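Comments concern the structure below.
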Amino acid sequence: MRKGLFIAFEGIDGAGKTTQLLRIAAWLEAQGFAVVVTREPGGTRIGDAVRAILLDPRHQEMAPRTEALLYAASRAQHVEELIRPALMRGEIVLCDRFVDASIAYQGAGLGLGEAWVEALNDYALGGLRPDLTLWFDLDWATARARLHARADGRGLDRVERRDRAFFERVADAFERLWQADPQARRRIDASRTPEEIEQEIRAMVWNLIQQHL
Ligand SMILES: Nc1ncnc2c1ncn2[C@@H]1O[C@H](COP(=O)(O)OP(=O)(O)OP(=O)(O)O)[C@@H](O)[C@H]1O
Ligand SMILES: [Mg+2]
């Protein structure tokens, strides 16, 4: 029987997902919870190898279906090897991007069709769903400015180099997903300060802990 809590952080590149995930992880750990921090694509040895293929700027010839299948393959391994076992142990799993990212980026952004990508991921996930998905809603220009200012100085990866129209299709898809299930998915106004955002997420997560753990 599954016991833990599974929370996914979603939104376009530069929306502030990783910043908040690390803050929430530190807060939960300080409260004494066992927390697993992970990310997609990646999270496992096999997943990290797939991630390197996906994000390599040299791989311009990658076909959209190949991309969708690689993300789903990485996710299948992630669920089996890391996420499900952690949930069985009763831990709190915080995941930087998950299935909604595939539906938005490959389904809407690349135009494969959101329903196809969802079906592909249903197979990859074997029934596992996040208890809560936080959608960081931020306009493209602000997100882009944050990426360019990001202190780590790394260049933009293959996906981040796509144009504004691509990210607008992605953002619209995130919004549709949220509208389809506003209970399991929460919209976070990501234009606020990190402190304001963290307070809101803490309250949401605390509620969930009261209900489930
Ligand atoms: N609320 C905020 N206000 C202003 N700047 C922020 C905020 N949150 C994060 N940032 C800064 O914006 C940049 C991008 O944030 P972050 O790396 O957390 O985004 P991300 O959604 O994880 O991006 P990616 O999808 O590329 O991994 C970082 O330099 C971060 O310090
Ligand atoms: Mg990030």
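For this structure, a couple of remarks:
- Cα convex hull volume per residue for region 5-212 (Å³): 118
- Accessible area per residue, Å², the chain with all protein chains present, probe 1.4 Å: 48
- Qualifying trypsin sites (Lys or Arg not before Pro) for region 1-86 [loop in DSSP, other Cβ within 10 Å: at most 15]: Arg2, Lys3, Arg58
- The chain: DSSP helices with Cα axial extent of at least 30 Å and average Kyte-Doolittle hydropathy no lower than -1.0: none
- For region 1-89, the set of GluC sites (Glu not before Pro) satisfying both a DSSP loop assignment and a count of at most 15 other C-beta atoms within 10 Å is given as Glu61.
- Multiplying the residue separation of Asp139 and Lys3 by 0.36 nm and subtracting their alpha-carbon distance yields 45.4 nm.
- Percent RCO, i.e. relative contact order, over the chain, from Cα pairs under 8 Å lying at least 6 residues apart: 33
- If you plug the beta carbon distance of Glu118 and Glu195 into 1/(1 + (r/R0)^6) with R0 = 35 Å, you get a FRET efficiency near 0.50.
- Full extension of the chain between Ile209 and Arg150 gives 18.0 nm of extra length, using 0.36 nm per residue less the Cα-Cα distance.
The values are calculated or read from the model by the stated rules, or taken from the named source; none is laboratory data. Everything quoted here is computed from the prediction, not taken from an experiment. Here Cβ is always computed from backbone atoms with ideal geometry, including for glycine, and neighbour counts include all displayed protein chains. Heads up: the accessible areas ignore ligands, DNA and RNA and are worked out on the full protein's heavy atoms, side chains in. Shrake-Rupley method; radii C 1.70, N 1.55, O 1.52, S 1.80 Å.
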